[in-house]
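The values are calculated or read from the model by the stated rules, or taken from the named source; none is laboratory data. These figures come from a predicted structure and were not determined experimentally. Cβ placement follows ideal geometry from the backbone for every residue including glycine, while neighbour counts extend to all protein chains displayed.
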Amino acid sequence: MILVFINGPVETLASTKSTDQPAYNIIAPDLSSCHESLTDANRRVYCCPPYYPDEPIVDFQFPDPTTTPLCIRRPAHKLTPEFIQNYSIAIKAMQSLPLSDPRSFLRQAALHCIFCTGSYDQVLNSPTDHRPRAIIKIHRSWLFMPWHRMFFYFHERIVGDLIGDPTFGLPYWNWDTPEGMVIPDMYMRPPFSDSERDVAHLPPATANDNYDYDESHSGEELVQSNLALLYHQMVSGARKAELFHGCSYKAGPDGACDGAGTIELAPHNPLHTWVGSNLQPEREDLGAFYTAGKDPLFYAHHSNVDRMWELWQRSRAYQPEITDPDWLDSYFFFYDEKLQLTRIKIRDVLKISNLRYTYEEADLPWLKAKPKPSIPPKIAKNVLKMRERNELQNGSAGRLRFATHLSMHFGSEGRILHEIVRIKVKRARVCRTEKEKEEEEEVLVVYGINVMKDKYAKFDVFVNAVNETGLGPQAREFAGTFVNGRMGAKRPMVNEIVKKTVLKVGITELLEDLEADCDEFIWVSLVPRCHMGDYISFQGVRIEFMR
């Protein structure tokens with residue numbers, strides 16, 4: 001067993017019971033329940049902090065805007081030497097604090113280990129709830145963005161307090177602009193460096209936002225691919241809150257879901273793996289949930305992930321994204337800079353202006369990076385129809401599956417993705433009006449995804465692609481990507497129900513650009529990456545409409 005963090009002596013500790021706990025299916029941790037969990041390679045890990053049942057808990061209060069200065073988060077590659085020096089003092093101070101101090105660097109890193117490997121059970125929503133206890137899983141659902149925002153808000157406050165600077169703002173790794181697509185120089189020197197990184201990906205290597213273990217991509221080609229991916233993940237593929245945030249994760253053993261949002265899938269997951277060491281079994285540090293927080297680059301990476309959420313909210317004029325109280329009232333616990341244990345709800349972190357931080361403006365070249373079709377759409381459709389006729393005549397339609405109904409189902413055992421799978425999918429509604437498109441997004445759903453042995457695995461989805469070889473996000477036929485960042489949350493010695501994964505990709509704008517908006521059928525290609533297709537199966541493909 002890996003003893004990452006050792007529990008301290010039991011003194012007087014904190015109750016997690018809320019006196020006004022609502023009766024619906026909110027998610028919250030039972031702080032008394034921390035237990036061993038498993039790494040991605042099924043190694044036991046213990047990340048638990050000390051637990052004090054009688055420790056007082058306060059509810060989060062917004063900082064007073066009249067007395068609290070605004071913290072500005074700036075691009076890491078543009079920081080001044082003075083800022084870097086002050087930040088390094090804070091990191092060294094955190095590293096010198098004892099493990100008993102929740103502000104210490106290891107205890108801060110432990111937070112990600114605890115919540116992302118499933119160390120906590122959920123608190124019961126009612127005394128009469130006798131269902132089996134379920135663990136909390138932060139990734140691959142609508143909890144991903146708000147939980148990480150909470151974490152880094154308190155982390156930022158701790159750093160600023162240690163150096164006496166209430167204006168301190170966490171730097172962000174500006175991987176969404178060309179000049180920021182390398183590991184920032186400051187993270188190559190102590191105390192921001194980390195020995196467990198892939199040496200082939202150190203500067204001046206260009207970051208690969210859609211990393212699939214193919215090292216042949218580099219330079220301007222990779223830059224353009226990154227920008228095109230971000231256009232898809234932030235704009236055309238994220239027109240609805242569920243697409244951006246992920247699936248609705250409710251309390252209890254039956255409430256779990258497994259479907260990440262666009263930014264979590266990529267570039268979040270691929271960049272974790274891209275940075276992590278290829279010499280370590282789970283690509284530690286940044287490439288594994290239980291060690292990611294040990295790499296100081298983790299905080300800059302997630303600062304930019306949070307910035308993506310802020311930019312997405314801004315693009316929607318800050319309209320309410322999710323109104324479900326099960327999401328809004330789910331809560332977690334963090335220590336603030338004064339060592340006060342604080343209960344904070346998701347509804348508390350929906351506007352960064354209320355939290356008194358903002359992001360320095362930077363260029364957004366991906367907004368203008370909409371890719372073009374690799375082949376003129378009319379030619380592509382003619383080629384696809386001709387290929388279909390030839391395969392039918394030759395009796396070789398095995399590679400081209402036909403979805404004559406609204407879904408193509410391969411049964412409970414699913415279809416192994418050991419090669420490219422092409423599926424002809426029937427659309428229920430064609431030639432929709434602009435009003436209909438605004439109200440409902442057409443969504444391509446790949447369901448029943450199972451990754452055997454819980455490996456890092458990936459496949460890309462294309463629509464009306466004539467030849468998928470060499471295609472990526474820089475082609476308009478690219479509809480989305482599935483990146484298995486590993487399950488990350490498992491309880492040792494317990495056979496919990498494993499929820500198969502679902503991938504939902506918005507295709508309304510894509511179909512317009514491919515001149516397929518009025519077509520009765522589209523051709524969908526699932527392309528395995530990372531040489532991991534033999535480990536991936538899926539049960540089917542269908543089209544839904546999402547409000």
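Within segment 457-479, the set of residues being aliphatic (A, V, I, L, M) and outside any loop (DSSP other than H, G, I, E, B) comprises ALA457, VAL461, VAL463, ALA475, ALA479. Number of residues in segment 57-76 that are free of Cβ contacts under 8 Å to residues at least 24 places away in the same chain and under 28 Å from the mean Cα position of the chain (by Cα) equals 1. May I ask you to list the residues in segment 353-384 that are among the basic types (Lys, Arg) and more than 12 Å from ARG476 (Cα to Cα)? Hits for segment 353-384 are ARG356, LYS368, LYS378, LYS381. For segment 196-214, the tally of residues that are in contact (Cβ under 8 Å) with a residue 60 or more places away in the chain and in a loop (DSSP other than H, G, I, E, B) stands at 10. Examine segment 309-327 for a residue that is over 30 Å from SER225 (Cβ atoms), in contact (Cβ under 8 Å) with a residue 40 or more places away in the chain, among the aliphatic types (A, V, I, L, M) and surrounded by 15 or more Cβ atoms within 10 Å (Cβ to Cβ), and state whether such a residue exists. Yes, because at least one residue in segment 309-327 is over 30 Å from SER225 (Cβ atoms), in contact (Cβ under 8 Å) with a residue 40 or more places away in the chain, among the aliphatic types (A, V, I, L, M) and surrounded by 15 or more Cβ atoms within 10 Å (Cβ to Cβ). Scan segment 322-358 for residues that are touching a strand residue (DSSP E or B) at 6+ places or on another chain (Cβ under 9 Å), part of a loop (DSSP other than H, G, I, E, B), of a type in the set (Asp, Glu) and farther than 20 Å from LYS137 by Cβ and report the count. Residues in segment 322-358 being touching a strand residue (DSSP E or B) at 6+ places or on another chain (Cβ under 9 Å), part of a loop (DSSP other than H, G, I, E, B), of a type in the set (Asp, Glu) and farther than 20 Å from LYS137 by Cβ: 1 in total.
Just one of the listed residues (SER100, SER88, SER96) is hydroxyl-bearing (Ser, Thr, Tyr), out of contact with any Pro (no Cβ under 9 Å at 6 or more places or on another chain) and surrounded by fewer than 20 Cβ atoms within 10 Å (Cβ to Cβ), namely SER96. Contact annotation: residue pairs with Cβ atoms under 7 Å, 6 or more positions apart or on different chains, pairing a residue in segment 268-279 that is crowded, with 24+ Cβ neighbours inside 10 Å with a partner that is part of a helix (DSSP H, G or I), are HIS268/VAL305; LEU271/HIS301; HIS272/ALA292; TRP274/HIS201; VAL275/HIS201; VAL275/LEU297. If only residues of segment 495-525 that are in contact with a Lys or Arg (Cβ under 8 Å, 6 or more places away or on another chain) and assigned to a strand (DSSP E or B) are counted, the one that is farthest from CYS257 (Cα to Cα) is PHE521. Take the conditions (1) under 19 Å from THR469 (Cα atoms); (2) not in a helix (DSSP H, G or I); ASP363 misses just one of them, which is (1). Residues of segment 44-85 being surrounded by 12 or more Cβ atoms within 10 Å (Cβ to Cβ), of a type in the set (Asp, Glu) and not in a loop (DSSP other than H, G, I, E, B), which ones? Hit for segment 44-85 is ASP59, nothing else. Just so you know, in segment 215-246 the residues that are assigned to a loop (DSSP other than H, G, I, E, B) and polar (S, T, N, Q) include one that is surrounded by the fewest Cβ atoms within 10 Å (Cβ to Cβ), and it is SER216.
Screening the candidates VAL498, VAL461, VAL494 for the property of being at pLDDT 95 or above and not assigned by TED's automatic domain parsing to the domain that holds HIS232 yields one hit, VAL461. Can you find a residue in segment 466-484 that is over 19 Å from ASN226 (Cα atoms), surrounded by fewer than 19 Cβ atoms within 10 Å (Cβ to Cβ) and at pLDDT below 95? Within segment 466-484, one or more residues are over 19 Å from ASN226 (Cα atoms), surrounded by fewer than 19 Cβ atoms within 10 Å (Cβ to Cβ) and at pLDDT below 95.
Taking GLY164 as the residue in question, decide whether it is assigned to a loop (DSSP other than H, G, I, E, B) and of a type in the set (Gly, Ala, Ser). Yes: the conditions hold for GLY164. Checked against the criterion of being part of a loop (DSSP other than H, G, I, E, B) and in the same structural domain as PRO203 (by TED's automatic domain parsing), the candidates LEU106, LEU99 yield just one match: LEU99. I'm told THR117 meets every condition in (1) touching a Ser or Thr at 6+ places or on another chain (Cβ under 6 Å); (2) among the hydroxyl-bearing types (Ser, Thr, Tyr); (3) at pLDDT 95 or above except one. Can you identify the failing condition by its number? For THR117, the exception is condition (3). Among the numbered conditions (1) in a loop (DSSP other than H, G, I, E, B); (2) farther than 17 Å from TRP327 by Cβ; (3) of a type in the set (Gly, Ala, Ser), the only one that GLY255 does not meet is (2).
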